[in-house]
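Values in this text are rule-based calculations from the coordinates and carry no lab data. Since this is a predicted model, take the numbers as computed values, not measurements. Note: ideal-geometry Cβ built from the backbone for every residue, glycine included; neighbour counts use all protein chains shown.
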Amino acid sequence: MIEFAAVVIGSYLIGSIPFGLLLGKLKGMDIREYGSGNIGSTNVLRTMGPWAGVVVLICDVLKGVAAVFIARYTIGSHAGEMAAGFAAVAGHDWSIFIRFRGGRGVATSAGGLFVMAPLAAVGGIAIFVLVIALTRYVSLGSMVGSISGVVIVGALLGLDRVPAEYLIYTGVVVALIIFQHRENISRLLAGNEHKFGQKGEKKQTG
């Protein structure tokens, strides 16, 4: 039980590392003051360019990968992997290091899923890229790609290829991803959502 708790807490702390904010600080800027104010890779890309966006994307994915791998080789159970994955995503979304604020959890969720069910992760990413290519809406791609991941995991569960815990993980993180995109959903419905390639401008104050 102590080992389980230690892994979950450690996974939350790993997930809490705000790579987007840290990279921005290295460049002398606070990413939270630009674009959407989000610390995730999409806002970093808009604000600091493609290379910075790619670096943050990889780091955020690796948070989920690391958490689930640690659980797999220390706890050794599917429930442990699921809990560690949840904790990493929670850390990313509500980081203890930045007053429980954070990102939307897409990359970190995908990282955890890549360890649990690689086929579902790859399929979800393919749909994500396709939707962005067709619409240029990253938020829409994130949500549709995530939902596709649930469908694929459900199909794999039906074929006895994955345990039920992986479907629970995917379903919960997708619900959380959609919840975290609630403002994007409102903008999509209103027709004023940011498109891929738009520059992130500094927010006006006062």
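Computed quantities for the displayed model
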{"read-out": "On Cα atoms only, tilt of 118-135 relative to the major axis of the chain in degrees", "value": "20 degrees"}
{"read-out": "Relative contact order (%) - segment 10-49, alpha-carbon pairs under 8 angstrom, separation at least six", "value": "31 percent"}
{"read-out": "Hz values of 3J(HN,Hα) by residue in segment 30-36 - Karplus curve (6.51, -1.76, 1.60), Gly and Pro given as x", "value": "9, 4, 5, 9, 10, x, 7"}
{"read-out": "Under the Karplus curve 6.51 cos²θ - 1.76 cosθ + 1.60, θ = phi - 60°, whole-Hz ³J(HN,Hα) for segment 39-55, x wherever Gly or Pro sits", "value": "8, x, 5, 5, 5, 4, 4, 5, 8, 10, x, x, 5, 5, x, 5, 4"}
{"read-out": "Extension reserve of the M29-F4 stretch, reckoned as 0.36 nm per residue once the Cα distance is removed", "value": "5.2 nm"}
{"read-out": "Spacing of the two label points (7 Å from each Cα toward its C-beta) at V122 and R101, in nm", "value": "3.9 nm"}
{"read-out": "Rounded to 10°, Cα long-axis angle of helix 106-116 versus longest principal axis of the chain", "value": "20 degrees"}
{"read-out": "The chain - percent relative contact order, Cα under 8 Å, separation 6 or more", "value": "22 percent"}
{"read-out": "Per-residue Cβ neighbour rank within 10 angstrom, fewest leading, S186, S109, S36, S11", "value": "S186, S36, S11, S109"}
{"read-out": "Of G154, G15, G76, the one that fluctuates the most in a GNM where the chain has Cα springs shorter than 10 Å", "value": "G76"}
{"read-out": "Folded to 0 to 90 degrees: helix 78-93 orientation relative to the chain principal axis, Cα", "value": "10 degrees"}
{"read-out": "Simple label model, 7 Å out from Cα along Cβ direction - A133 to F196, nm", "value": "0.9 nm"}
{"read-out": "Built amide H within the under 5 Å cut-off of Y34, gap 5+", "value": "K203"}
{"read-out": "Segment 31-110, relative contact order [Cα under 8 Å, separation at least 6], %", "value": "26 percent"}
{"read-out": "Computed [θ] at 222 nm, helices only, for the chain once each DSSP H run of length n ≥ 4 contributes -39500 (n - 2.57)", "value": "-23500 deg cm²/dmol"}
{"read-out": "HN-Hα J in Hz across segment 147-161 - Karplus 6.51, -1.76, 1.60, θ = phi - 60°, x for Gly and Pro", "value": "4, 4, x, 4, 4, 5, 4, x, 5, 5, 5, x, 8, 6, 9"}
